[in-house]
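The values are calculated or read from the model by the stated rules, or taken from the named source; none is laboratory data. Being a predicted model, the structure only gives us computed values, none of them experimental. Here Cβ is always computed from backbone atoms with ideal geometry, including for glycine, and neighbour counts include all displayed protein chains. Keep in mind that these areas ignore ligands, DNA and RNA; they rest on the heavy atoms of the full protein, side chains included. Shrake-Rupley method; radii C 1.70, N 1.55, O 1.52, S 1.80 Å.
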Amino acid sequence: MGDLRRYREKRDPERTPEPFAEASRHALPPGAARAFVVQQHAARRLHWDLRLEIEGVLASWAVPKGPSLDPRERRLAVRTEDHPFAYADFEGVIPAGNYGAGAMIVWDRGVYRTLDGEAPAEGLEAGKLDLVLAGHKLRGRFALVRTRSGGGRDWLLLHKAPPGGAEAADVVRAEPASVLSGLTVEELRGGVTRDAEVLALLGEL
Ligand code: MN
């Protein structure tokens, strides 16, 4: 089971809209499809949070530059505290004064499997996860590899693909909007919702 103590220590449920749920206790077979999410988080420093369902929680990494589809790129991914499974659908504005204050969108969402069919908890422990992602924006083979720097917190995220593919390598710039709401972090932070736009249009009729 994952450990949500650090998650709860950093947050006050009275002051943030983020979910507070227990770790899920359903057990999945080792090679099962599990959930993944990438949330773009406009905190003090903009970053993308990659989260993988592992043992009932979301194992999490903060990726300062976001994922890339260019197989030559190795993106730093700093391991952060496990998040509740329900966090995979969280999109909102964390109010000023709270941990991680700022707007967060669900930039990509989907399922993943381990390439070798082993339980991902083993790769997490060993410091190497070979993954097949099936999301809206991230698809195909990716790897997370722990490095010797950062006291065990620093990993590298890379896309394993033949070079010269037709994919938009700079995917975080090419496809900035949420896969849930269609909003960018700027729109979410600015209080724009698609519903409000529709209402404004109706008001003009
Ligand atoms: Mn974050």
Given the options Ser60, Ser181, Ser149, state which has the largest fluctuation in a GNM of the chain using a 10 Å cut-off (strictly under) for Cα springs.
Ser149
How big is the accessible area of Glu53 in square angstrom, nearest 10, if you roll a 1.4 angstrom probe over the protein chains?
10
Fraction of accessible area attributable to carbon and sulfur, the chain (%, probe 1.4 Å)
53
Computed E for Ala121/Ala96 - FRET, C-beta separation, R0 35 angstrom, nearest 0.05:
0.45
Roughly how many nanometres apart are two label points built 7 Å out from the Cα toward the Cβ at Val111 and Ala43?
3.0
Solvent-accessible area of Lys128 with every protein chain in place, 1.4 Å probe, in Å² to the nearest 10:
100
Cα pairs beyond 22 Å in segment 1-160, in percent, come to 37
Gain in length, Ala169 to Glu9, computed as 0.36 nm per residue apart minus the alpha-carbon separation, to one decimal in nm?
53.9 nm
So what's segment 75-168 giving for Rg/Rh, alpha carbon basis, Kirkwood Rh from the mean inverse pair distance?
0.99
Expected field for His136, accessible surface area in Å² at 1.4 Å probe radius, rounded to 10, holds 130
Please list Arg72, Arg146 from largest to smallest accessible area, probe radius 1.4 Å, with all protein chains kept in place.
Arg72, Arg146
For segment 16-50 and segment 94-126, what is the separation of their C-alpha centers, rounded to whole Å?
4
Potential lengthening between Asp89 and Ala27 on full extension [0.36 nm per residue; Cα-Cα distance subtracted]
20.3 nm
